Amino acid sequence: MVLYLPTPTRRTFLTSAAAFAASTVLPASGLRNARAASVKELRLKAAPGQTHLVPEPYGETPVWAYNGAVPGPEIRVRQGDRLRIAVENALAEETTVHWHGLRVPNAMDGVPHLTQAPIAPGETFTYEFDAVDAGTFWYHPHQRSFEQVGRGLYGALVVEEADLPRVDRELVWVLDDWRLTHDAAISGDFGGFHDMSHAGRLGNTVTINGRVPDAVQVKAGERIRLRLINAANGRIFALDFGDLAPQVIALDGQPVAPHAAPGGRVVLGPAMRADLMLDVTAAPGTKVRITDRFFAQEAYGLVDLAVAETPLRDSPPDWDMTLAPNPLLEPDIARANRHEVTFTGGMMGRMVERQMGLAGSGGMGGMMGGGMMNRMHDRGIWFINGVAAEGHIIDPMLTLERDTSHVIAMTNATAFHHPIHLHGHSFRVLSRNGQPTAHREWQDTVLMAPREKAEIAFVADNPGDWMFHCHILEHQAAGMMGVIRVSGKDERI
Ligand code: C2O
Ligand code: CU
């Protein structure tokens, strides 16, 4: 596998085109922000384009992009602002935009057929919602996302805290993994059976902000807030920062008690984010390599940090790095309704199910002939509680009464990792394999290892039909998707 060395390009900050006074002050709830908002208006145009993913002597790569760039424009607002985003579809196929991790009203969630009609080629749809939570989020299509995201349609959406923690510099790194041909074109084999039934589409070229990166210049003593976003279809990253010991201050946009990454690795499944406080404790004139060790046998250098000869200061600053919590409602665990959710399927799935004492519900054996493969392909390869979804119009797997607390006990009875994402809510990760988590972190996407069990909890405070799916986009397309309905009306619209 050829892995190029990836670099952050300078991001263009999108500031408000217009700022209006808007009164969005509504009754207190976890979904509302008390302060009056300003409205940020912007346009995104999804269209074919070209970009330099890999350096010379390679040429440009034909991509699909928002506003001609990969990633698309970085959207940056303050917590409590209102966003009004007109999305124009200049692709040859339908699309939508999903605001990953933002707790938006259901009609703004960007799920084709479920929450809106897909945006037809040539049409424009305007999304409008409040940035309720501060944090690091992102946006991407939800229509044939395994190809649309895979061709470059995604961007960062940063909601700044009212009180930004003090840092010297902030970097946003949108990570992606591309399967390129020898002439740096995107390999057109999207949605292949092997990718769908194994670990998703793994590529051969990793980029940061749409470029194979050069070294990043840093200074000794500098404090950097690093916002990491994994926009890859299938690749999971486990970033080792060498001698540096970054503190994790937020996961999936939600603040967490600052802590060193467990095992010294910042692990990010597809769609997951981490905010790090990175103190450059390395000596002037040295280099620090950031290594992705998720596949131990195929560890590679993601990017180098080049420490300048002249330090910024002698030792790292002692500024407070704790972020204020977002307005999330605390689930009442003692009185929560409990639900069991089991994931099955995929290659070698039947073996895992047997080992875990489950009656076979659709996993695949180790070997099968072409006819069998085609049948699996039609029926779906991955299952949630025995059901493989086809498309986005699905009967709800759970119906939850609005404003009640829920615990979902999940079992990954498969041989693969799955980053499981719930729309419209953030949830606390209470336990893994029966052990309480150290930080009870809020996430919107929880990475489950093969055979792992995890319990998540949340208040179902956002009414509507919400997707619940694996964010390995090939798994999602091959059935690993369901709908959780939160009954009740949304008076915000
Ligand atoms: Cu980031 Cu349903 O998606
Ligand atoms: Cu999956």
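Would you mind finding the one in H423, H406, H418 that is in contact with a Leu (Cβ under 9 Å, 6 or more places away or on another chain) and within 16 Å of ligand 1 (Cβ to nearest atom)?
Just a single option satisfies the conditions, and that option is H418.
Which of the strands (runs of 3 or more DSSP E) contained wholly in the stretch 341-445 include at least 3 residues that are surrounded by 15 or more Cβ atoms within 10 Å (Cβ to Cβ), of a type in the set (S, T, N, Q) and at pLDDT 95 or above? Break it down into steps so the answer makes sense when it comes.
Numbers: elements: 382-384, 398-401, 405-412, 418-422, 427-432.
So the answer is 405-412.
Filter the stretch 95-118 for residues that are within 16 Å of ligand 1 (Cβ to nearest atom) and over 15 Å from N462 (Cβ atoms) and give the result.
Passing the criteria: T95, T96, V97, P112, H113, Q116, P118.
Given T445, T411, which one is within 14 Å of ligand 1 (Cβ to nearest atom) and of a type in the set (S, T, Y)?
Only one candidate passes the filter, namely T445.
Check whether at least one residue in the stretch 155-175 is within 16 Å of ligand 2 (Cβ to nearest atom), in contact with a Lys or Arg (Cβ under 8 Å, 6 or more places away or on another chain) and of a type outside the set (A, V, I, L, M), and report yes or no.
no
All but one of (1) away from ligand 1 (no atom under 15 Å from the Cβ); (2) outside any loop (DSSP other than H, G, I, E, B) hold for V132, so report the exception by its number.
The failed condition is (2).
Scan the stretch 202-228 and report the pairs whose first residue is closer than 17 Å to I186 by Cα and whose second residue is surrounded by fewer than 22 Cβ atoms within 10 Å (Cβ to Cβ) and basic (K, R), with Cβ atoms within less than 8 Å and a gap of 6+ or a chain change.
Between residues of the stretch 202-228 that are closer than 17 Å to I186 by Cα and residues that are surrounded by fewer than 22 Cβ atoms within 10 Å (Cβ to Cβ) and basic (K, R), the close pairs are L202/R179; G203/R179; N204/R179; T205/R179; N209/R11.
If A449 passes every condition in (1) buried (at least 24 other Cβ atoms within 10 Å of the Cβ); (2) at pLDDT 95 or above but one, which one does it miss?
Going through the list (1) buried (at least 24 other Cβ atoms within 10 Å of the Cβ); (2) at pLDDT 95 or above, A449 breaks only (1).
Has the stretch 461-476 got at least one residue that is away from ligand 1 (no atom under 16 Å from the Cβ) and under 22 Å from I229 (Cα atoms)?
Within the stretch 461-476 (the criterion being away from ligand 1 (no atom under 16 Å from the Cβ) and under 22 Å from I229 (Cα atoms)), the answer is no, since none of the residues qualifies.
Is it the case that the stretch 151-167 has a residue that's modelled with pLDDT of 95 or more and in contact with a helix residue (DSSP H, G or I) (Cβ under 8 Å, 6 or more places away or on another chain)?
Within the stretch 151-167 (the criterion being modelled with pLDDT of 95 or more and in contact with a helix residue (DSSP H, G or I) (Cβ under 8 Å, 6 or more places away or on another chain)), the answer is no, since none of the residues qualifies.
Restricting to the stretch 39-69, what's the tally of residues that are more than 22 Å from the chain's Cα centre (by Cα), closer than 12 Å to I186 by Cβ and of a type in the set (A, V, I, L, M, F, W, C)?
Total satisfying the criteria: 1.
Can you name the residue in the stretch 71-82 that is part of a strand (DSSP E or B) and touching a Leu at 6+ places or on another chain (Cβ under 8 Å) and, of all such residues, is nearest to D461 (Cα to Cα)? Steps first, please.
In the first step, residues of the stretch 71-82 are kept if they are part of a strand (DSSP E or B); the result is 74-78, 82.
Going one step further and asking which of them are touching a Leu at 6+ places or on another chain (Cβ under 8 Å), we end up with 74-77.
Details: E74: 28, I75: 26, R76: 26, V77: 24 Å.
Out of the qualifying residues, it is V77.
With the condition kept exactly as written, say whether any residue in the stretch 254-276 is within 16 Å of ligand 2 (Cβ to nearest atom) and not hydrophobic (A, V, I, L, M, F, W, C).
Scanning the stretch 254-276, I find at least one residue that is within 16 Å of ligand 2 (Cβ to nearest atom) and not hydrophobic (A, V, I, L, M, F, W, C), so the answer is yes.
The values are calculated or read from the model by the stated rules, or taken from the named source; none is laboratory data. Owing to the predicted nature of the structure, the values given are computational and were not obtained by experimental measurement. Cβ atoms come from the backbone with ideal geometry, glycine included; neighbour counts cover every protein chain shown.
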